[in-house]
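All remarks here apply to the structure that follows.
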Amino acid sequence: MPVEKKKKIVKTIKIDVDKCNGCRACEVICSAFHAAPQYSNNNPGRARIQVSFDPLKDRYVPVFAGEYTPAECLGRDKYIINGKEYEECEFCRASCPSRNLFKEPDSGLPLKCDMCESDPPLDEPMCVKWCVDEALTYEEREEEVEEEVKLEDLETGLEELANKYGLDRIADTLARMTSKETATKK
Ligand code: SF4
Ligand code: SF4
């Protein structure tokens, strides 16, 4: 069966750490946009972007919440970039057991950036709109990916074939195809 290709839009937010001034407007608007009801509160603890900042060292790092992970890293890394030393975990996007970052303050449930998915869609995410220093830039690119065959579609197709030809015949055909493919690879 030929694998179909489909277009996928990949959304990214480019972070220019050097332009970030630590104003934390991105945290405020993110939490307000995701509050229920929307804009009813603005607790930055609920934001899906967190800015770690150290004014004395002139160091500000906006980080977007990524996937939840149930395990802590065994090793940690320190970075020195242009003479500035960054803390362990400072660039990490994971919500994990070793810190309280990217967790709902009341429930402790992990938070994840959803690129401000909404209906109708926004032209750009809220944190990007509110970042007046342009430390955050929204970008979209189109990628071609192989269409995944949905399991339900596969099952429906197999069921139809089984009804038409009988399960034994399908099993025989599959066995023949498998042995042919194995022989070709040898
Ligand atoms: S709004 Fe922009 S400049 Fe302000 S903290 Fe967030 S990323 Fe940094
Ligand atoms: S893209 Fe939206 S959800 Fe993600 S951090 Fe920015 S404001 Fe929050």
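Condition test on Asp106, is it acidic (Asp, Glu) and at pLDDT 95 or above?
So Asp106 fails the test.
Can you report the number of residues in region 80-124 which are more than 19 Å from the chain's Cα centre (by Cα), under 17 Å from Pro44 (Cβ atoms) and touching a residue at least 24 places away in the same chain (Cβ under 8 Å)?
1
For Lys19, are the conditions met, namely being closer than 21 Å to Met115 by Cβ, surrounded by fewer than 18 Cβ atoms within 10 Å (Cβ to Cβ), within 23 Å of the chain's Cα centre (by Cα) and charged (D, E, K, R)? Before the answer, list the steps.
Details: closer than 21 Å to Met115 by Cβ: yes; surrounded by fewer than 18 Cβ atoms within 10 Å (Cβ to Cβ): yes; within 23 Å of the chain's Cα centre (by Cα): no; charged (D, E, K, R): yes.
No.
Please return the ranges of strands (runs of 3 or more DSSP E) entirely within region 34-96 where 1 or more residues are surrounded by fewer than 13 Cβ atoms within 10 Å (Cβ to Cβ).
Qualifying strands (runs of 3 or more DSSP E): 79-81, 84-86.
Consider only pairs whose beta carbons are under 8 Å apart and that are at least six residues apart or on different chains; among these, list those whose first residue lies in region 54-78 and is of a type in the set (S, T, N, Q) and whose second residue is assigned to a loop (DSSP other than H, G, I, E, B).
From residues that are of a type in the set (S, T, N, Q), the pairs are Thr69/Ala94; Thr69/Cys96.
Within region 125-137, does at least one residue satisfy the condition of being closer than 17 Å to Ile49 by Cα, out of contact with any His (no Cβ under 8 Å at 6 or more places or on another chain), surrounded by fewer than 18 Cβ atoms within 10 Å (Cβ to Cβ) and hydroxyl-bearing (Ser, Thr, Tyr)?
Yes, there is a match, as at least one residue in region 125-137 is closer than 17 Å to Ile49 by Cα, out of contact with any His (no Cβ under 8 Å at 6 or more places or on another chain), surrounded by fewer than 18 Cβ atoms within 10 Å (Cβ to Cβ) and hydroxyl-bearing (Ser, Thr, Tyr).
With respect to the numbered conditions (1) surrounded by fewer than 16 Cβ atoms within 10 Å (Cβ to Cβ); (2) within 12 Å of ligand 1 (Cβ to nearest atom), which one is the sole condition not fulfilled by Pro120?
Every listed condition holds for Pro120 apart from (2).
Somewhere in region 100-108, is a residue closer than 16 Å to Ile13 by Cβ, in the same structural domain as Val10 (by TED's automatic domain parsing), surrounded by 13 or more Cβ atoms within 10 Å (Cβ to Cβ) and within 15 Å of ligand 2 (Cβ to nearest atom)?
Pass one, region 100-108, residues closer than 16 Å to Ile13 by Cβ: 102.
Among the residues that remain, those that are also in the same structural domain as Val10 (by TED's automatic domain parsing) are: 102.
Then keep just the ones that are surrounded by 13 or more Cβ atoms within 10 Å (Cβ to Cβ); that gives 102.
With the extra rule that they be within 15 Å of ligand 2 (Cβ to nearest atom), the set shrinks to 102.
Scanning region 100-108, I find at least one residue that is closer than 16 Å to Ile13 by Cβ, in the same structural domain as Val10 (by TED's automatic domain parsing), surrounded by 13 or more Cβ atoms within 10 Å (Cβ to Cβ) and within 15 Å of ligand 2 (Cβ to nearest atom), so the answer is yes.
Identify the single condition in (1) touching a helix residue (DSSP H, G or I) at 6+ places or on another chain (Cβ under 9 Å); (2) modelled with pLDDT of 95 or more that Arg59 does not satisfy, given that it satisfies every other one.
Tallying (1) touching a helix residue (DSSP H, G or I) at 6+ places or on another chain (Cβ under 9 Å); (2) modelled with pLDDT of 95 or more, Arg59 fails exactly one: (2).
Out of region 18-73, which residues are of a type outside the set (A, V, I, L, M, F, W, C) and within 11 Å of ligand 1 (Cβ to nearest atom)?
Asp18, Lys19, Asn21, Gly22, Arg24, Glu27, Pro44, Gln50, Ser52, Tyr60, Pro62
The values are calculated or read from the model by the stated rules, or taken from the named source; none is laboratory data. Since we're looking at a predicted model, the values are computed, not measured. Cβ sites come from the backbone with ideal geometry, for glycine too, and all protein chains shown count toward neighbours.
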